[in-house]
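Visitor: Quick one: the structure is below, questions incoming.
The values are calculated or read from the model by the stated rules, or taken from the named source; none is laboratory data. Treat the numbers as computed from the prediction; the structure is a model and nothing was measured. Virtual Cβ from ideal backbone geometry, glycine too; neighbours counted across all protein chains shown.
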Amino acid sequence: MADYFTKRAFGRTPYQVTPLCVGAAPLGSMPEAFAYEVGEAQALATLRSFFQSPINFLDTAASYGDGESERRIGIVLKELGGVPAGFVIASKADRDFKTGDFSGDQMKPPWNGACVCSVSISCRSCICTIRNGQRSKT
């Protein structure tokens, strides 16, 4: 029988994750993709249950419900006081929703005048949305 809960190395990173990862796309309420809507209360309840489960790996993206998945994750993380120890949240670089830009400039780390940031414009937007529980204005 498969073991879905024993944590393993996540590539060459120091992170340990369960081989089973929860995908948060449906939590962004994307009826055009999944043929059903997920209300906020149901999404938040699902996320609260996830953070009490033995699965420690959550996948999201800014494109899931145009940021709604990440916004909802952010609400629960605020309730919990941040990402619980041992949990990993993965997101992705994505297009700019206003312009549709999916260029290298959108994906590469920006220069902020003092240092080269290690997070792309797209990923920085994801981090802000999750951290604040609100859609990023960038």
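Visitor: Would you check if Pro109 is surrounded by fewer than 18 Cβ atoms within 10 Å (Cβ to Cβ) and at pLDDT 95 or above? So that I can check it myself, show each step before the final result.
Guide: Details: surrounded by fewer than 18 Cβ atoms within 10 Å (Cβ to Cβ): yes; at pLDDT 95 or above: no.
No: the conditions fail for Pro109.
Visitor: Just to check your reading of the model, which residue among Ile127, Ile89 is more than 17 Å from Gly23 (Cβ to Cβ), β-branched (Val, Ile, Thr) and either within 9 Å of the chain's Cα centre (by Cα) or modelled with pLDDT under 75 (or both)? Outline the logic, then answer.
Guide: Details: Ile89 fails: more than 17 Å from Gly23 (Cβ to Cβ).
That would be Ile127, the only listed residue that is more than 17 Å from Gly23 (Cβ to Cβ), β-branched (Val, Ile, Thr) and either within 9 Å of the chain's Cα centre (by Cα) or modelled with pLDDT under 75 (or both).
Visitor: Tell me which residues, restricted to region 38-56, are without any contact (Cβ under 8 Å) to a residue 12 or more places away in the chain, surrounded by fewer than 13 Cβ atoms within 10 Å (Cβ to Cβ) and not hydroxyl-bearing (Ser, Thr, Tyr).
Guide: Selection gives Gly39, Ala41, Ala45, Gln52.
Visitor: Ok, one more. Can you pull out every residue in region 1-58 that is aromatic (Phe, Trp, Tyr) and farther than 16 Å from Val88 by Cα?
Guide: Here is the first cut: in region 1-58, the ones aromatic (Phe, Trp, Tyr) are 4-5, 10, 15, 34, 36, 50-51, 57.
If the condition is that a residue be aromatic (Phe, Trp, Tyr) and farther than 16 Å from Val88 by Cα, then Phe34, Tyr36 are the ones that fit.
Visitor: Take region 45-84 and flag every residue that is hydroxyl-bearing (Ser, Thr, Tyr) and either part of a loop (DSSP other than H, G, I, E, B) or out of contact with any helix residue (DSSP H, G or I) (no Cβ under 7 Å at 6 or more places or on another chain) (or both). Step through it out loud before you land on a result.
Guide: Of region 45-84, the ones hydroxyl-bearing (Ser, Thr, Tyr) are 46, 49, 53, 60, 63-64, 69.
Of everything in region 45-84, those that are hydroxyl-bearing (Ser, Thr, Tyr) and either part of a loop (DSSP other than H, G, I, E, B) or out of contact with any helix residue (DSSP H, G or I) (no Cβ under 7 Å at 6 or more places or on another chain) (or both) turn out to be Ser49, Ser53, Thr60, Ser63, Tyr64.
Visitor: When you scan region 1-28, how many residues do you find that are of a type in the set (Ser, Thr, Tyr), over 15 Å from Asp59 (Cα atoms) and either without any contact (Cβ under 8 Å) to a residue 40 or more places away in the chain or in contact with a Ser or Thr (Cβ under 6 Å, 6 or more places away or on another chain) (or both)?
Guide: We begin by selecting, within region 1-28, every residue of a type in the set (Ser, Thr, Tyr); these are 4, 6, 13, 15, 18.
This time we only want the ones that are over 15 Å from Asp59 (Cα atoms), so: 4, 6, 13.
Checking which are either without any contact (Cβ under 8 Å) to a residue 40 or more places away in the chain or in contact with a Ser or Thr (Cβ under 6 Å, 6 or more places away or on another chain) (or both) leaves us with 6, 13.
So the count comes out to 2.
Visitor: May I pose another question? Among the residues of region 14-44, count how many are in a helix (DSSP H, G or I) and over 20 Å from Leu77 (Cα atoms). Even if it seems obvious, please write down each step before you answer.
Guide: Keep residues of region 14-44 that are in a helix (DSSP H, G or I), which gives 25-28, 31-34, 40-44.
So of that shortlist, the ones also over 20 Å from Leu77 (Cα atoms) come out as 31-34.
Residues in region 14-44 being in a helix (DSSP H, G or I) and over 20 Å from Leu77 (Cα atoms): 4 in total.
Visitor: Can you tell me which condition Tyr64 does not meet? The list is (1) crowded, with 21+ Cβ neighbours inside 10 Å; (2) within 23 Å of Gln16 (Cα to Cα), and all the others hold.
Guide: Only one criterion in (1) crowded, with 21+ Cβ neighbours inside 10 Å; (2) within 23 Å of Gln16 (Cα to Cα) is unmet by Tyr64, namely (2).
Visitor: Still on this structure, please answer the following. On the given criteria, is Ala41 modelled with pLDDT of 95 or more and of a type in the set (Gly, Ala, Ser)? First the steps, then the outcome.
Guide: Numbers: modelled with pLDDT of 95 or more: yes; of a type in the set (Gly, Ala, Ser): yes.
So Ala41 passes the test.
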